[in-house]
1. Residue under question is E157, and the condition is that it be assigned to a helix (DSSP H, G or I), surrounded by 13 or more Cβ atoms within 10 Å (Cβ to Cβ) and at pLDDT below 95; does it hold?
2. Quick check on this structure: which one of D267, D253 is under 22 Å from L208 (Cα atoms), among the charged types (D, E, K, R) and either in contact with a helix residue (DSSP H, G or I) (Cβ under 6 Å, 6 or more places away or on another chain) or surrounded by 14 or more Cβ atoms within 10 Å (Cβ to Cβ) (or both)?
3. Where residues in segment 242-280 are of a type in the set (S, T, N, Q) and free of Cβ contacts under 8 Å to residues at least 40 places away in the same chain, which of them is nearest to L168 (Cα to Cα)?
4. Is segment 233-241 home to any residue that is in contact with a Ser or Thr (Cβ under 9 Å, 6 or more places away or on another chain), in contact (Cβ under 8 Å) with a residue 60 or more places away in the chain and not hydroxyl-bearing (S, T, Y)?
5. Tell me whether segment 194-201 contains one or more residues that are surrounded by fewer than 19 Cβ atoms within 10 Å (Cβ to Cβ) and of a type in the set (A, V, I, L, M, F, W, C).
6. Quick check on this structure: which one of F214, F284 is within 28 Å of A172 (Cβ to Cβ), in contact with a His (Cβ under 9 Å, 6 or more places away or on another chain), in a helix (DSSP H, G or I) and not charged (D, E, K, R)?
7. Quick one: which of F284, F214, F254, F246 is aromatic (F, W, Y) and either touching a Pro at 6+ places or on another chain (Cβ under 6 Å) or farther than 21 Å from W167 by Cβ (or both)?
8. Could you tell me which of the residues L211, L183 is within 25 Å of Y35 (Cα to Cα), under 13 Å from the mean Cα position of the chain (by Cα) and in contact (Cβ under 8 Å) with a residue 40 or more places away in the chain?
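The values are calculated or read from the model by the stated rules, or taken from the named source; none is laboratory data. Owing to the predicted nature of the structure, the values given are computational and were not obtained by experimental measurement. Methodologically, a virtual Cβ is constructed for each residue, glycine included, from the backbone with ideal geometry; neighbour enumeration extends over all protein chains shown.
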Amino acid sequence: MEISEALQKIPMLAAFGAQELETSPLTGGLTNDNYKVSHGNERFVLRIPGRGSNQLVDRAKEKHAAALASKAGINAEVFFFDESSGLQLCRFVDGKTLSIADFQDDAILARAVSSMRTIHKLTEPFTMTFSYSREIDRFLDLLSKVDVRLPEGFSTELSRVRAYLDWLETLAIEHRPCHCDPLPENFLDTGKQVYLIDWEYSGNADPLLDLGGFARESNFDQKRIQLLLKLYFKRDPTDEEVRRTFLYGVVADFAWYIWALYKSGVDRGDFDYVEYGQNRYQRFLAESTSISQS
């Protein structure tokens, strides 16, 4: 969808008239095209879903989660959301898009942890449950429909991941609302608060799934993971909590590798999904073989 078409589909923007709107592209997203849209002193973010993304995302459930997160003050205010296309208009947050390096700052990390904890403590659940087992199966089904090959030895690694997930599911942890896609670029820091944006993959899950994914995306070592969990729980974490967090991070690399393979087959844009996926898979391989289930 072209930006001119998208602007016309949103009543509040169409009412202003295209000649009164200033638009500029925003960088940093892996999947969607995002634009800053200005009208006078008002500033918004327009999201146009990327190729193949509507096959990956349940937009009605995303809309519900995004609204709850906005009500909690963690997501940007949402003005328009089209469930059929995924077209979205949010308020522009005047903050810094965070990076891996930023999360080495303890103060920024503490603000991000506070925002994740707020989401996990929402009293109203999301309308969907996030499960890596189900997502992996779904990604593999989509992948089977495009011309992309799986690497040699993949079935062995898939069995290994299923064993990790079976162990995690035996713990019967209470599921809470979670973001489930905590890339550093999905965090915006105003200096006082960290906002979380992009609720496409959100769902009810073990809160440590969020923290494990976050630690992985931020390239945390064991010392940094310990600090992350101590900030979250406001106490020293147990050995099991550390292990759960680490395992979720390893599984995240595997799942998003399959996602990247699928995207490489349907999205021929500028982003290199093949390289992105290979980097995640190699990191997964480097650590998964050393994990013991005992």
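1. Working: assigned to a helix (DSSP H, G or I): yes; surrounded by 13 or more Cβ atoms within 10 Å (Cβ to Cβ): yes; at pLDDT below 95: no.
So E157 does not fit the description; no.
2. D253
3. So, considering only residues that are of a type in the set (S, T, N, Q) and free of Cβ contacts under 8 Å to residues at least 40 places away in the same chain, the one nearest to L168 (Cα to Cα) is T245.
4. Step one: list which residues in segment 233-241 are in contact with a Ser or Thr (Cβ under 9 Å, 6 or more places away or on another chain), which gives 237.
Subsequent filtering for residues that are in contact (Cβ under 8 Å) with a residue 60 or more places away in the chain retains none.
Scanning segment 233-241 turns up no residue that is in contact with a Ser or Thr (Cβ under 9 Å, 6 or more places away or on another chain), in contact (Cβ under 8 Å) with a residue 60 or more places away in the chain and not hydroxyl-bearing (S, T, Y).
5. No, that holds for no residue.
6. Only one candidate passes the filter, namely F214.
7. Values: F284 fails: either touching a Pro at 6+ places or on another chain (Cβ under 6 Å) or farther than 21 Å from W167 by Cβ (or both); F254 fails: either touching a Pro at 6+ places or on another chain (Cβ under 6 Å) or farther than 21 Å from W167 by Cβ (or both); F246 fails: either touching a Pro at 6+ places or on another chain (Cβ under 6 Å) or farther than 21 Å from W167 by Cβ (or both).
On inspection, the qualifying residue turns out to be F214.
8. The conditions single out L183.
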